[in-house]
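Since the structure comes first, as structure tokens, the remarks are kept for the end.
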Amino acid sequence: MRRTFWQQWNGILFAVPWLLQFVLFIVVPFAASFWLSLTDYRFRDFPNMIWFENYADLAGDEVFLKSIFNTLYYTVFHVPGVMIISFFIAILLNQKVNGMPLFRTLFYLPSVTAGVATIMLWLVILQPNGILNQALGLVGIPGPRWLTSTQWAMPSLIIMSFWTVGTTMILYLAGLQGIPQHLYEAASIDGAGHLRKLWHVTVPMMTPTIFLTLVLGIIGSWQVFTQALILTGGGPANATLFVLLYLYNKAFLIFQMGYASAIAWVLFVIILIFTLIQFIIARRWVYYEYDESG
Amino acid sequence: MALLSEKAPPGSNVGGSMQSSVTIRGWRARILRPAWRVLVYAMLVGGSAIYGFPFAWMVRSSFMSIDQFYEDPPPFFPIPPNWASYTEVWESGPIVSWIINSTIVTTFGVVVLTLVSAVVAFGFARTEYPIRDVLFLLVISTMMLPQHVTIIPKVIIFRDLRWLDTLLPLIVPMIGGSAFFIFILRQFFRTIPKELDDAAAIDGASPVRIMFTIIFPLSKPAIATVAVFSFIGNWNEFFEPFIYLNTPDRMTLAVGMRFFQAGMWEQPQLHLQMAIALISVAPILIAFFFAQKHFIRGITLTGIKG
């Protein structure tokens, strides 16, 4: 049966709202952002083309390089830490014991409420005389002045990030529940113990989920903003100045919008490169079930 | 072998090796399993205590007076509790306006964003046209795009539209749905048997009719999940409202709250911060406890397991 042009294409009408939004609020700003990055725009006067001068300036901007270093520092500890903690909690939450819905809720709650409110709470927890340092004092460790110490401000943010592991944990939990039970039964018959099952069945079957959380985790750490703004404002002495915070300072505090757009584009390219590298490396370690059967 | 031995009655005439395997299994069942359960419970309770503790601390801190924060050490629990933070907080800022603004944005998020996402997702799951899959790939790829790259041009656009300092820049873009929600719903819609649509189509139902009378009613759990995610996401949203809104009484709650930290006082008003934090977290806690099953189920629905 030949379909008319209308019958063939009418389904696209359902996508029109998204397409409209895509063009108006993604494509146009995205292109405009690149154009702005080639200008000296300052929010008032008409922008002058200065081509790649902003990018050249960025390469020699020590504060910007510091913000890249800070973001990498955070990523290196935050991403693996969250993954290991979430994996452990997910395995714990996948055990068959009573009361599990309650426990799952409790572990997920910090992620659901994550926002300005719970970030401000950490101001109290991390006070020099706050509860964390009191607890450390009980075991004889003198607690640092967390948020006002150049050395400990970044570790404070990393520790705080280990409290909101809920999303990663739920993804792992869904992954664990998707592993076919017969694989464990087969491993049991072969005499495998719990640890061997974990290493030879659970972990390989989880690699697609682990990969997903790795990619999302790294993308997420390049976009840290709110917690640094509220807890430290980027300080002390730029110790917690993340790339996005620097972008905000340049664009909206001193209105160097051209320069800030260049930061946005460098940030975008960094995220793109990290993601692409991971997809390339993934072929070596991510296990997709259907690859084997094919 | 191990499976068989379990069935052998204890006194039956079986070989020695079998006998020992029976006793090992018995030992496991009597000692190891309960011990494992105790260990699992201990870790669950300990972990929940760590993850739940900050909330308890938020409640405690909201009952402190400002001076108590700077005592050394501060009281573990202030006696008597200082209820004044809760009355003071209402008088110290345009909180009612913030709550109204957050409610407006969140309502649009729950109703419009969810509905549009469902309609777009229906198109990707249930209609066919030549470039459909390319478009869907485009939707997914926008999830990887950091929203912050586009923030500067958006501010300029909204300035020229005279939308800055209003809720419009937060609400209007919702007409396109959310890529993440479209993705979740499309995955779910695809699990509904196609025969249902075909039967309805033979009876002369249009795609729009099929969408509203068959697919949406059958997808209530998935749509509810998305609505709850949207509620929480919009209520907590900070970055964009923080950039777009400048006048205190036009802010949303998440943005306005910062005034108690850095606004009009010489030192941060920690007790007021904790009181407003609790006020702002309360709707989410309530929503979460009522819709709890939708979360856990919702993530499983997405089929992200790989």
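Every read-out reported here was derived from the displayed coordinates using simple, explicitly stated rules and does not represent laboratory data. Being a predicted model, the structure only gives us computed values, none of them experimental. Every residue, glycine among them, receives a Cβ derived from its backbone with ideal geometry; neighbour counts consider all protein chains shown.
Output needed: percent of Cα pairs per 10 Å distance bin for the stretch B:44-199, bins running from 0 to the one holding the longest distance.
All Cα pairs considered, the percentages come to 8, 20, 21, 22, 18, 7, 2, 0.
Give me the one-decimal Kirkwood hydrodynamic radius in Å for the stretch A:28-289, with the sum taken over alpha-carbon pairs. Before the final figure, lay out the partial values.
On the way: mean 1/r = 0.0475 Å⁻¹.
After inverting the pairwise mean of 1/r, the radius is 21.1 Å.
Would you mind getting me the FRET efficiency between A:Gln134 and B:Thr247? Use the beta-carbon distance for r and R0 = 41 Å, nearest 0.05.
Details: r = 40 Å, r/R0 = 0.99.
That gives a FRET efficiency of 0.50.
Near the amide H of A:Thr39, under 5 Å away, which other amide H atoms are found, from residues 5 or more places off or on another chain, if H is placed in the peptide plane?
It is A:Ile50, by chain and number.
Please give every one of the aspartates and glutamates within straight-line cross-link reach of A:Lys96, meaning a C-alpha to C-alpha distance under 19 Å, and leave out same-chain neighbours fewer than 8 residues apart.
Leaving aside aspartates and glutamates fewer than 8 places away in the same chain, those within reach of A:Lys96 are A:Glu185.
On average, how much area does the Cα convex hull of the stretch B:164-257 cover when viewed from any direction, in nm²? Before the final figure, lay out the partial values.
Values: hull surface 28.8 nm².
In nm², the orientation-averaged hull projection of the stretch B:164-257 is 7.2.
Can you compute the FRET efficiency between A:Leu102 and B:Val96 using 1/(1 + (r/R0)^6), with r the Cβ-Cβ distance and R0 = 45 Å? Round to the nearest 0.05. Numbers along the way, then the final one.
Working: r = 34 Å, r/R0 = 0.77.
Calculated transfer efficiency: 0.85.
For a label point 7 angstrom out from the Cα of B:Ala201 toward its Cβ, which stretches of the stretch A:4-26 have the backbone nitrogen within less than 14 Å?
Answer for the stretch A:4-26: A:4, A:7-12.
What value in Å³ per residue do you get for the convex hull of the alpha-carbon atoms in the stretch B:92-301? Could you put the intermediate results ahead of the total?
Details: hull volume 30.7 nm³, N = 210.
Each residue corresponds to 146 Å³ of Cα convex hull volume.
Taking N as the number of residues in the stretch B:88-179, what is its Cα Rg relative to 2.2 N^0.38 Å? Before the final figure, lay out each step's value.
On the way: Rg = 17.3 Å, N = 92, 2.2 N^0.38 = 12.3 Å.
With N residues counted in the stretch B:88-179, Rg over 2.2 N^0.38 Å equals 1.41.
Roughly how large, in nm² to one decimal, is the mean projection of the convex hull of the alpha-carbon atoms in the protein assembly as shown? Walk me through the numbers before you get to the answer.
On the way: hull surface 143.0 nm².
Over every viewing direction, the Cα hull of the protein assembly as shown projects on average to 35.8 nm².
Determine the gain in length on full extension of the stretch A:Arg196-A:Phe255; use 0.36 nm per residue of separation and subtract their C-alpha separation, reporting nm with one decimal.
Numbers: separation 59, 0.36 × 59 = 21.24 nm, distance 5.75 nm.
So the extension gain works out to 15.5 nm.
Give me the three principal axis extents of the stretch A:200-294 from the C-alpha atoms, as integers in angstrom, largest value leading.
Result, largest extent first: 58, 27, 16 Å.
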